[in-house]
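Following this message is one structure expressed as structure tokens.
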Amino acid sequence: MFLTGFAGAGKSTCIKVAQRYCFEFCRAASIVWDDVTFLFTSTTGSSASLFGGNTIHNEAFLNGRIRNISQALRERWKKVRLLIIDEISFFTNEGIDKLNKKLQNLLGVSNKPFGGMSVVFSGDFHQLKPVLTRNDSVLYDQSRNGLFLGSINCAIIGPQSHRFDGDPEYGRVMRNFWQGNPTVQDVDYINEREVGQNGVELPEEEPDSDITYACPFNKQRNAISAGMFSKHIQSGGFPTVDMDDLPPDHTIIVEADIGSSSTAGNDGVTRVSPVVRDAILQHCGDADVTVGTSRKVDPSLKLYNGAHVMCNNNNMLKTHNIGNGTIARVKSIKLKSTAPHPIWKNWEGYKVLTVNARHVEYVEIERFPDNAKIAAIKKSIHELEADMIPDDDMSNTGADADRLAGLKHDLVAAQNAQCVKVLPTKSTAKVTVDLTGLGLTRQVIKGVKIQQLPLIMNDATTGHKLQGMSKDKLVVVDWDFKNANWVYVVLSRVRTRDGLYLLKPLPRDCLDKFQVPRELIAFEQTMRRLEEHNLTERVEMMAELG
Ligand SMILES: Nc1ncnc2c1ncn2[C@@H]1O[C@H](COP(=O)(O)OP(=O)(O)OP(=O)(O)O)[C@@H](O)[C@H]1O
């Protein structure tokens, strides 16, 4: 099945509802149901973690060798009745071919596509493609992927978007972008949200506010995080370096433990010299330190209670539903019992505590924003407290007080269930460091042994991590026209135009950047015809049933 529709059409929500329906059906019919009966996966860790699923790459062992597939994994797949793959626009022809072979092997059925498994491909091809894909690798190109198209026997196209229910006019403009035909008036309408114009001001940062900064490049993301940290330091409580006072312990910079490298420096030695190490810690952001093709390591993580972070590996996706792209806030930092007392360092003239990552036992993070359960409990507490009169035991009934205590207890339990302890991990990274200021030339150092927490700061995020999310407030720092559909994906995350803040206006001459590829138009026509056929068949079947 192919489930599609424009941003916010409710594709992910629809799958959740279908899962609930299947669960209730199985329960009523006494059919065994377990956690993989309806297997929820996504092509990215960030969207998988939004609904408590895993990536399809992990579940179907896509990056492993067939001979290494364990018996336990084969047994697990035998229990799956329906496989969901969300955010399908991030999948490629190569991915589909691999999936087909892996499922045929896992299920022991080689003469049927995907080993005979029922698969729901869900997503919107008007959204982002994988970062490193060739144009001929897109799934919707009917001349290229017979397997994908040939296996789809049912299509559902969400007719409208629910994300913009609160602002239908913004939804209408987003649909124009989706269809590839925005007008200059649409661009002007968006640009009315430029900060500094028409009385638009940046939103206030409040503890529970879900403000996201969207920017195209990781360097910009790093610069925004550094700016936010400076703001945090200057907001008070940090002594300047000429004062005797010690810095507060709610804020600490966790410096990566950097060991040797596999490439020799100018002196022919593979050791990362103290000078180079200091340069990495002081001048590099996570955009400069990468593991494998894209995983980033922040050499100098600036953590404090409430800091916005993003997890960036999938090691805990299965066990704790925290994956690459899961967003969270820092709750606490625990140092090992053997750790020396953190020393302070000079950060723009202020004293800030600093510790090496090897001395950190864990950092506890809490998913953010609140899930529906926590939001509902907070709302009930707020309403009850508003009804109760402060310090007036006569008017406030005991029942109200008991209910309030019960709600607060439930809130703590629900919040604790959202918390996870993240441990430092060891990796081998490629570091790009500018050493020209030190009179040295070595700039790219490969094979650097590094230990750090698998977290990056999330004051700002790139479009690829935003896909699949709904936001109340979004600040667009800059535009990216190089990655097709970036502008549409970013703009369509926010529920209302009032929640949008632009640091740069959208260029008025960008209208030709939104054209929908011919192959995608042809693919969607095929899907529409299939949907009509499915609906007609269904009406006929219902009529036969009387
Ligand atoms: N039938 C519905 N009625 C009301 N609200 C809905 C409905 N379906 C979805 N929503 C709401 O609309 C928003 C977007 O839903 P959802 O994330 O499922 O859309 P999507 O199609 O998966 O979006 P995207 O393509 O951007 O990932 C969510 O806030 C969701 O709660």
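Among the candidates TYR189, TYR213, which residue alone is more than 25 Å from LYS11 (Cβ to Cβ), among the aromatic types (Phe, Trp, Tyr) and at pLDDT 95 or above?
TYR189
Hey, another quick one. Quick one: in region 448-478, of everything that is surrounded by fewer than 21 Cβ atoms within 10 Å (Cβ to Cβ) and over 19 Å from VAL309 (Cβ atoms), which residue is farthest from the ligand (Cβ to nearest atom)?
LYS449
Conditions: (1) under 14 Å from PRO203 (Cα atoms); (2) at pLDDT 95 or above. VAL477 meets all but one. Number of the miss?
(2)
Continuing with this model, one more query. For the structure I just gave you, tell me whether ASP141 is in contact (Cβ under 8 Å) with a residue 60 or more places away in the chain and over 30 Å from TYR501 (Cβ atoms).
yes
Another question about this same structure. Scan region 529-546 residue by residue and report those that are surrounded by fewer than 16 Cβ atoms within 10 Å (Cβ to Cβ) and either in a loop (DSSP other than H, G, I, E, B) or of a type outside the set (D, E, K, R) (or both).
Within region 529-546, HIS533, ASN534, LEU535, THR536, VAL539, MET541, MET542, ALA543, LEU545, GLY546 meet the criteria.
Checking THR526 against (1) surrounded by fewer than 19 Cβ atoms within 10 Å (Cβ to Cβ); (2) under 28 Å from ILE224 (Cβ atoms), only one condition comes out false. Which one?
The failed condition is (2).
Next up: Which is among the basic types (Lys, Arg) and at pLDDT below 85, of LYS465, LYS446, LYS421?
None of the others qualify; the one that does is LYS465.
Taking the stated definitions as given, is ALA460 under 18 Å from PRO369 (Cβ atoms) and under 16 Å from the mean Cα position of the chain (by Cα)?
Spelling it out, ALA460 is indeed under 18 Å from PRO369 (Cβ atoms) and under 16 Å from the mean Cα position of the chain (by Cα).
Let me ask something additional. Give the residues of region 488-518 that are in a helix (DSSP H, G or I), within 14 Å of the ligand (Cβ to nearest atom) and either surrounded by fewer than 16 Cβ atoms within 10 Å (Cβ to Cβ) or aliphatic (A, V, I, L, M) (or both), sorted by residue number.
VAL489, VAL490, LEU491
Further question on the same structure: Is one or more of the residues making up region 330-342 closer than 26 Å to LEU466 by Cα and open to solvent by less than 40 Å² (accessible area, probe 1.4 Å)?
yes
For region 180-216, which positions are exposed (fewer than 15 other Cβ atoms within 10 Å of the Cβ) and under 19 Å from TRP486 (Cα atoms)?
ASN181, THR183, VAL184, ASP188
Can you find a residue that is farther than 22 Å from GLY95 by Cβ, more than 13 Å from the ligand (Cβ to nearest atom), hydrophobic (A, V, I, L, M, F, W, C) and touching a helix residue (DSSP H, G or I) at 6+ places or on another chain (Cβ under 6 Å) anywhere in region 29-49?
Yes, region 29-49 has at least one match.
The values are calculated or read from the model by the stated rules, or taken from the named source; none is laboratory data. Please read all numbers here as calculations on a predicted model, not as lab measurements. No Cβ is skipped: glycine too gets one built from the backbone with ideal geometry, and neighbour counts run over all protein chains shown. Keep in mind that these areas ignore ligands, DNA and RNA; they rest on the heavy atoms of the full protein, side chains included. Shrake-Rupley method; radii C 1.70, N 1.55, O 1.52, S 1.80 Å.
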